[in-house]
Amino acid sequence: MPVQRDEPVQLIAQEQVRLFAELRKLPDAAWQRPSHYHGWSVARVVAHLARGGQFFHQSIGKAMRGDTLPPSLPGGQRMTAEGFRAQLEQQQEQLAAKPRGELLALFDKTGSDLVDLLRKVPAHHMVRPAWHPDGGWTVAMFVSMRVFDLAFHGWDIRVATSPAAVIRPQLQPLLVSLQLQVAKRRFRGGPELDAMYRFDLGSQAWTARVFAGKLEFGPPEPNPDATIKTDPNTFLLLSTARRPLAALEERGHLKLEGERDLALALLGVLFPTPER
């Protein structure tokens, strides 16, 4: 499904407001309740989003000035990627310990400041390089990741109190597209996967063709070797290892048709379960 360039920024703006409103309504007891993400408390997840918004703003702002260097340390030395990650973790832990109102205000400010900056980024600057500890990032990648963070971490928070929570429907089409881009970029498959697979999400459908170790996505084609039937929300939870395939099948949220072993093998390569 094609997505216009300016849509992600608008989605970020809308989700920032929606999530902030939800967080304000949470009872005090829920603030320290474990979220779905690594068992982090809700406060820790909010701290992650707040500090992430701050970092994204800093890196994108520097990119607009042509600066792609890592942050500086006292004395003028440049921070290493490992050092930056360690500092980020420490800062997030400190933020999570702040009073609820203070942390909420920071989430609101850093998120709103980031949206204001993104709205000023010209379309042709979206391809500009911007510093990230993983390397090789562009401004557009930061935009995509902010949609991802708000959507999935919002779910991580909501599902802690509402087991039936879903990824915000307005965000699902773009997130499915992003997950497919990531899956294609990371794809490493052998000849045993050479086949044609159909993904049917109801509102979205496509063919995944694997040939000679390469993966290509295209419009739905008849007579695939295997078909994966589900819905966008389930696809997103599966693709981020937030819900295991076996449980989704058991509950009837996902069906594999045709050559089941092929479908399972492809899903295992596309969306491997991360080691925790």
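Read-outs: derived from the displayed coordinates by stated rules, not from any lab. Computed from a predicted model, the values in this text were never measured in an experiment. In this analysis, Cβ positions are derived from the backbone assuming ideal geometry, glycine residues included, and neighbour counts consider all displayed protein chains.
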Exercise for the section: Mind checking which lysines have their Cα closer than 20 Å to the Cα of residue 184? Skip sequence neighbours fewer than 8 apart in that chain. Expected result: 214, 229
Completion exercise
Both in Å, the radius of gyration and Dmax of the C-alpha trace of segment 144-276 are 14.6, 46
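From the square roots a ≥ b ≥ c of the eigenvalues of the alpha-carbon gyration tensor of segment 119-162, which class results: rounded (a/c under 1.5), prolate (a/b over b/c), or oblate? Could you put the intermediate results ahead of the total?
Working: a/c = 5.09, a/b = 2.16, b/c = 2.35.
Judged from the Cα gyration tensor, segment 119-162 comes out oblate (a/c at least 1.5, b/c at or above a/b).
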Practice task
Count neighbours as other Cβ atoms within 10 Å of each site's Cβ, and list the trypsin sites (Lys or Arg not before Pro) in segment 1-74 that are DSSP loop with at most 13 such neighbours.
Solution key: 5, 65
Fill in the blank from the handout: Each label sits 7 Å from Cα toward the beta-carbon; between residue 242 and residue 100 the label points are separated, in nm, by 2.3 nm
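Dipole magnitude of the chain about its Cα centre, charges +1 at Lys/Arg Cβ and -1 at Asp/Glu Cβ only, in debye to the nearest 20? Don't skip to the end; give the middle numbers.
Details: 34 positive and 29 negative charges, 142 e Å.
Value, rounded to 20: 680 debye.
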Problem - segment 99-187: trypsin sites (Lys or Arg not before Pro) in DSSP coil with no more than 14 other Cβ atoms inside 10 Å - result: 119, 120
Exercise for the section: Relative to the longest principal axis of the C-alpha atoms of the chain, give the angle of the C-alpha long axis of helix 260-270, reported between 0 and 90° and rounded to the nearest 10°. Expected result: 20 degrees
Completion exercise
As straight-line cross-link partners of residue 62, the qualifying lysines (C-alpha separation under 21 Å, not fewer than 8 residues apart within one chain) are 109, 120
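Treating only the Cβ atoms of Lys and Arg (+1) and Asp and Glu (-1) as charged, compute the dipole magnitude of segment 176-270 about its Cα centre; round to the nearest 20 debye.
Values: 13 positive and 12 negative charges, 95 e Å.
Here segment 176-270 has a charge dipole of around 460 debye.
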Practice task
Given the options 191, 224, 34, state which has the largest fluctuation in a GNM of the chain using a 10 Å cut-off (strictly under) for Cα springs.
Solution key: 191
Problem - segment 186-204-segment 228-250 distance, computed between alpha-carbon centres (Å) - result: 15 Å
Fill in the blank from the handout: Taking a crude spin-label model, label points 7 Å out from Cα along the C-beta direction, the residue 164 to residue 62 distance in nm is 4.6 nm
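Rounded, prolate or oblate: pick one for segment 1-129, where a ≥ b ≥ c are the square roots of the eigenvalues of its C-alpha gyration tensor, a/c under 1.5 means rounded, and failing that, prolate if a/b is larger than b/c, else oblate. Spell out each step's value before the answer.
Working: a/c = 2.22, a/b = 1.20, b/c = 1.84.
The shape class here is oblate.
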Problem - Given charges at Cβ of Lys, Arg, Asp, Glu: segment 176-270 dipole, positive-most of 206, 178, 191 - result: 178
